[in-house]
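Participant: Next up is a structure, given as C-alpha cells.
Derivation of every value follows stated rules applied to the coordinates shown; laboratory data play no part. Keep in mind it's a predicted model, so treat the numbers as computed, not measured. Quick reminder, even Gly has a Cβ in these numbers, built from the backbone with ideal geometry, and neighbours come from all protein chains shown.
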Amino acid sequence: MAAFSNLRQQMKKSGVTQADIAAATNRSRSYINQRLNGEADWPLQVAYKICQVCGIAIEDMPKYFPSEVGVLPQNDNKTQYEIGNAIRLLANIYDKLEAK
C-alpha cells in the first residue's frame, strides 16, 4: 500500500491538490510530495493544517497520519478521543503562535 493512501484518497475526495496543500502550509510542492511518498516525516503543525484544508476532523488525524501521532488500537474510542484532545490543544497553541 502506498504511503499515506488514506490521506491521498481524502485529498481526491475533497478536491485538494498538492499545490493547494503547499500554499496552505507555506511549503514547496516537492516538500509535500516527499512526505506523501513517505520519504520524510510530517511536522505536527503541517499535518494539522492539512487536516483543516482537507476537512479531516482532528480526532481522525491518526487515520491519516499514523506514524506522526501513533498507531491506535482498533475501535479504541477512548484513546482516540484523548489523542484528539491532545492534538486540539497543540493545534490551539500552534494557531496562537502563528498569529503572532
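Participant: Output wanted: per-residue J couplings in Hz (rounded whole) for segment 5-12, from phi through Karplus 6.51 cos²θ - 1.76 cosθ + 1.60, θ = phi - 60°, x for Gly and Pro.
Facilitator: Along segment 5-12, the couplings run 5, 4, 5, 4, 5, 5, 4, 4 Hz.
Participant: Taking a virtual spin label 7 Å from the Cα of Gln52 along the C-beta vector, which residues in segment 20-36 bring their backbone nitrogen under 12 Å of it?
Facilitator: Output list for this probe position: 24-26.
Participant: How far apart, in nm, are the 7 Å Cα→Cβ label points at Ala22 and Asp60?
Facilitator: Distance between the two pseudo-spin positions: 2.6 nm.
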